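Accompanying notes for the structure given below.
Just so it is clear, none of the values below were taken in a lab; they were calculated from the coordinates. Only a predicted model underlies this, so the values are computations on that prediction, with no experimental measurement involved. Glycine also receives a Cβ, built like all others from the backbone with ideal geometry; neighbour counts cover every protein chain displayed.
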Ligand code: KG4
Ligand code: ZN
């Protein structure tokens, strides 16, 4: 089965094509192509993602990205064995013309859409994320579905981050690989700009996966805390990579922060997180330092970045261990943009070693948002039912539909 994945939940416009098949050793997958167009630089001057701009950019980027994806996917997909439908349904056309004029005008000019590629299924992110941005991907999927007569499967973005860790994205294009085997119950720690969640995963007799959110943040997500801390230190968005670079420099130079930051809720006997207090502690530390010397020294920034990263690592590690103890997890899955952080990856690997259980982390270049994970989640979806697609900004993993 060949699946086209579409991801537009935030500031990455991403498309991917994968092929899956069943074998004796499990589900096999090959990556045909995966493209990501990041808008991070555009949003950087706003200090975060600006939803209307994200929506407009997705509308402009999807068609050129699809053309590149199909052109780069070899001749196999180009085999045409179906007739495209001549007309897009009037209601869909009106909706897109009204809500996504950029998308509509690029679709109208895309003559390559007349060739029907050999794709069996389209998977699109339905939520969580920024609703205006999600709608662009959904409308795009609906258009392709109607002109190519291909079914669309809605995908939960967070499920994408989970299954994205089961594939080795570094395996060269077109090579078959077996997906990593998960022993259940499993625990997933999802850490991104919008989420900090601990999820218990079990498998039902039907083969369907059952997700239960067993812990989450009460306020800011961990990625948000990285981004806000970076902003306070005068670093650009997204801040995570800049903080971890400063922290690595501090480590190399033996620099520590004179200020100790809190480890929020580390001793609370539950699986909840809170990162807004940590961000406020950084704010006070920066404010006090500016009162002494208006120009923050590099040593101060390095030390504080290191202390901040330490606080995050200790907090996430403590809760992850508690979650393993509570669920008797047999596999750990880490997902979300923050899992690109090398020190966090090391800490989580150590925990898995300590418990002698398997750990799956996303290949570094797909730890952020991408469509490969969406295509894979769509391929693994065994429900296969079709229903109207609705962008849901706060879509939960444990909500069945
Ligand atoms: O999953 P993702 O790409 O988008 C969301 O769904 O939110 O995650 C983005 C988040 C941002 O907050 C970014 O600062 C953070 O991931 N991030 C990092 C690192 N790389 C990206 N945080 C810490 N260390 C990193 N190396
Ligand atoms: Zn994400």
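Along its first, second and third principal axes, ordered by size, segment 293-401 spans 60, 38, 24 Å in Cα coordinates. Contact order for the chain, expressed relative to its length and based on alpha carbon pairs under 8 Å spaced 6+ residues apart, stands at 24 percent. Using every pair of distinct Cα positions in the chain, the Kirkwood expression returns a hydrodynamic radius of 22.0 angstrom. Please work out the Cα center distance from segment 257-285 to segment 192-252, rounded to the nearest Å. Spelled out, the Cα-based centre of one part sits 14 Å from the other. For the chain, adding -39500 (n - 2.57) for each run of n ≥ 4 DSSP H residues and dividing by the number of residues yields -13000 deg cm²/dmol at 222 nm.
Reported to the nearest whole Å, the Cα centre-to-centre distance from segment 6-65 to segment 108-185 is 9.
With R₀ set to 22 Å, the beta-carbon distance separating residue 170 from residue 38 gives a calculated FRET efficiency near 0.70. Which distance in nm do the two modelled labels at residue 23 and residue 67 give, with both placed 7 Å along the Cα-to-Cβ direction? Roughly 3.6 nm, to one decimal. Summarising the strand pairing of the chain, around 65 percent of its internal DSSP beta bridges are antiparallel.
Spin-label model, residue 94 to residue 46: label points 7 Å out along the Cα-to-beta-carbon direction sit 3.0 nm apart.
Hydrodynamic analysis of segment 10-138 uses the Kirkwood radius over alpha carbon pairs. Inserted into Stokes-Einstein at 25 °C and 0.890 mPa s, it gives a translational diffusion coefficient of 150 µm²/s.
Considering only 126, 314, 159, the Gaussian network model of the chain with Cα springs below 10 Å gives its largest mean-square fluctuation to 314. For the chain, the longest principal axis of the alpha carbon atoms and the long axis of helix 240-253 meet at an angle near 40°. Compactness of segment 128-286 was expressed as the Cα radius of gyration divided by 2.2 N^0.38 Å, which yields 1.33. Label positions at residue 354 and residue 292, each projected 7 Å from the Cα along the C-beta direction, are separated by 3.3 nm. Helix 342-355 and the longest principal axis of the Cα set of the chain meet at an angle near 90°.
Extension gain for residue 87-residue 178 works out to 28.8 nm (0.36 nm per residue, less the C-alpha to C-alpha distance). In the chain, the longest principal axis of the Cα atoms and the axis of helix 131-148 are about 20 degrees apart. When the Cα atoms of segment 193-263 are aligned to their principal axes, the ranges along those axes come out at 54, 22, 21 Å in descending order.
Taking the square roots of five times each eigenvalue of the Cα gyration tensor of segment 134-174, the equivalent ellipsoid has semi-axes of 25, 15, 9 Å, listed largest first.
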